[in-house]
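Each remark here refers to the structure printed beneath this line.
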Amino acid sequence: MQTALNVADSKRISQIVWLKYEQWIVGLANLLILGAVVVAAGRPFTYPLDDTYIQMAIARTWGDSGVWGIDRLDPAAASSSPLFVLVLAAVHLLWGARTGFELVPLAINAAVMIGCALAWDAILDAASAAEGARSRPTPRFRSLVRVGMLMALSAATPLFVTAIIGMEHTPQVLAYSLLAYHGSRAVAERQACPGRTIIRLAIAACAVAALRYEAVLIIGPLCLVAVINGQLRLAAALALGAAVPMAAFGLAWVTDGGWPVPNSILMKLMLHDQDGQHVIQFFPAAWTLFGIMTITAGLVALRAHRRWCDLGLGSLRHDWGLVLGGVALCCAAAQVVLGMAGWLYRYEAAAIALNMLAAFVILLQDHRLRVQALVLLALVAMASYRTADAVTLATAAPHDRRWEHVEPAAFVARFYGTSPVIVNDIGVMAWLAPQARVLDLAGLANNDIARQRLSPSGLSWQAVDDWTRRTGAPLAVIQICWDPIAHVLPDGWRIVALWVGPRNVLFGDRVVGIFATSQAEAAPLAANLRRYETTGGRLVYFDDLPQPYHTAFMRKLRQTGCSAIKDLAMAAQRWRAQAPGPGAP
């Protein structure tokens, strides 16, 4: 008898845990996966993208000197998220001189990741409690379905990958979910919203727009529905809330010599990769988004048809589930047209989460458990490749950042700690060599180069040569397989060595060019490189070649990109066979 009671109590306790704490169970699971990814990425801890270090460098510079840039000499808006940088700057001020600040972006993202599980669970609770909702399974089934939905949302994003990136994309997922849900409920009301609700939503719109400018993709559709429903005050408040941070930052940045939007947005819209595509148009990462959009659109159409038949056409604009679905689809469609996807699946993460959340809301409102389970399995299958690939890349990419960015930055910090240095990947260099003046050839962190790139004639190698002389930079550390950079490298630079890595899972190229910007700087640079002990890559030297070889290589590099490396290696081999030198590999 006692045994039977114990078994019953055990089952009851298990049921209570699943029913009341499923969001915490999912949050803990996400933390464990994130921890496993961090461990698999190796030591020392390194973020998988250089961009994270850009935000940390701006936060440090702004907190230390009041200059918005990666160093105090060059104001530049190199980050697309003013609010996230301000949060990092505030933490940096409180942090002081203590070590370990590099882990702060990871910690913020981990905390927000838990917040996503809590927010999603509350939204799904609201959908289940909605009048007419058909989701009434047994407690255990209900809990299993809920855990499945929360884990599917987490894995499709995937939160544990956006968290290890350490940027604003995890907060963006949470902010989009909350604003879209509360905004949809407000604009769908038949009665005018109370003033307190309008103020809260205006503040929320302000914060989300300051986090990522793409928030207009959510706020725009919400404003449209508000206008259709006659809630003009709410529409005006949402629009004003979104406009305030963008206008304020734009005005401040124009006053400081910039443009109405951050450099990072302008440069990413115009720069092209080696395949001739915009750097933000990464189509393989978007197939999951297309699939989830299709399912969401189907569920929205089914609900709209039922509501239309039962209650009439006018009821559609007052259904918050339909409004949420419409907002999610508009956001995703605009993402596809304007931005597509980015490295490590981060640019479209919020749109994917929002569409999947909208699909789950309508499933809970309209469909029985069997349909919910089938659609959930379909969404999981759709997202499985994305999740697996994102985790694989996130564990491998930090190894690549160590040889490609961390080691060259450590070299510069040791031998050229107070000198200007020309680069095109600026984050790690600015963070690890804080006393060096980091000069950005891409234009994200340097307004002179950005103006040249935005000019009708574009940036030329002659302009880069003149800029190099004016800044007095003795060396350049360049990813030469990126065509927008390779095409503007001057004749007068000398290729001293190639920093060759074992792999590069994200970007494909395995070489970083180490250039002396004049012939006089070549010998000291080569000597310093030989004194530096590499751990993740190897150095292949070309400093022994005569000047005509260097000039020919620079011209070939501008014409054909990094395929010129093979010609350089063959030319060096022939020359050394005739006159062997100490630089032979």
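The values are calculated or read from the model by the stated rules, or taken from the named source; none is laboratory data. Note that this is a predicted model, so its numbers are computed, not measured. Neighbour counts are summed over all protein chains in view; Cβ atoms, including those assigned to glycine, are modelled from backbone coordinates with ideal geometry. The protein model used for the area step is the full one, side chains on, heavy atoms only, and it has no ligands, DNA or RNA in it. Shrake-Rupley method; radii C 1.70, N 1.55, O 1.52, S 1.80 Å.
Numbers for the structure displayed
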quantity	calculated
Tally, over region 26-44, of residues that are open to solvent by less than 10 Å² (accessible area, probe 1.4 Å) and not in a helix (DSSP H, G or I)	1
Residues (touching a residue at least 24 places away in the same chain (Cβ under 8 Å) and outside any helix (DSSP H, G or I)) located in region 425-440	Asp425, Ile426, Ala433, Pro434, Ala436, Arg437, Val438, Leu439, Asp440
From the options Val406, Val412, Val421, residue that is touching a residue at least 24 places away in the same chain (Cβ under 8 Å) and in a strand (DSSP E or B)	Val421
Count of residues meeting criterion [over 24 Å from Val87 (Cα atoms) and either of a type in the set (D, E, K, R) or not assigned by the TED database to the domain that holds Ala78 (or both)] in region 164-201	4
Val87, sole failed condition from (1) buried (at least 21 other Cβ atoms within 10 Å of the Cβ); (2) under 21 Å from Ala210 (Cβ atoms)	(1)
Verdict on Ala383 being in the same structural domain as Thr294 (by the TED database), open to solvent by less than 10 Å² (accessible area, probe 1.4 Å) and either within 30 Å of Val361 (Cα to Cα) or part of a strand (DSSP E or B) (or both)	yes
Of the criteria (1) within 21 Å of the chain's Cα centre (by Cα); (2) at positive phi; (3) not charged (D, E, K, R), which one Gly458 fails	(1)
Any chance Glu521 is over 23 Å from Ala76 (Cα atoms), without any contact (Cβ under 8 Å) to a residue 40 or more places away in the chain and either of a type in the set (A, V, I, L, M) or not assigned by the TED database to the domain that holds Gln55 (or both)	no
Flag if Gly537 is of a type in the set (Gly, Ala, Ser), crowded, with 18+ Cβ neighbours inside 10 Å and more than 24 Å from Trp461 (Cα to Cα)	yes
Candidates Ala77, Ala57, Ala89, filtered to the one that is out of contact with any strand residue (DSSP E or B) (no Cβ under 8 Å at 6 or more places or on another chain), among the aliphatic types (A, V, I, L, M) and part of a helix (DSSP H, G or I)	Ala89
Test result for Leu153, open to solvent by 40 Å² or more (accessible area, probe 1.4 Å), under 21 Å from Ile352 (Cα atoms) and at pLDDT 95 or above	no
Residues of region 430-455 classified as open to solvent by 10 Å² or more (accessible area, probe 1.4 Å) and not aromatic (Phe, Trp, Tyr), total	12
Matching option when the condition is surrounded by 18 or more Cβ atoms within 10 Å (Cβ to Cβ), under 30 Å from Tyr47 (Cα atoms) and of a type outside the set (A, V, I, L, M, F, W, C), among Gly501, Gly492	Gly501
Evaluation of Gly183 against (1) in contact (Cβ under 8 Å) with a residue 60 or more places away in the chain; (2) surrounded by fewer than 24 Cβ atoms within 10 Å (Cβ to Cβ); (3) assigned to a helix (DSSP H, G or I) (one fails), failing number	(2)
Subset of region 374-400 [more than 18 Å from Ser154 (Cβ to Cβ) and hydrophobic (A, V, I, L, M, F, W, C)]	Leu374, Ala396, Ala397
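Residue-wise test of (1) closer than 22 Å to Tyr416 by Cα; (2) of a type in the set (Ser, Thr, Tyr); (3) outside the structural domain of Trp62 (by the TED database).
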{"site": "Asn447", "(1), (2), (3)": "no, no, yes"}
{"site": "Ala450", "(1), (2), (3)": "no, no, yes"}
{"site": "Ser455", "(1), (2), (3)": "no, yes, yes"}
{"site": "Leu459", "(1), (2), (3)": "no, no, yes"}
{"site": "Ala463", "(1), (2), (3)": "no, no, yes"}
{"site": "Arg469", "(1), (2), (3)": "yes, no, yes"}
{"site": "Gly472", "(1), (2), (3)": "yes, no, yes"}
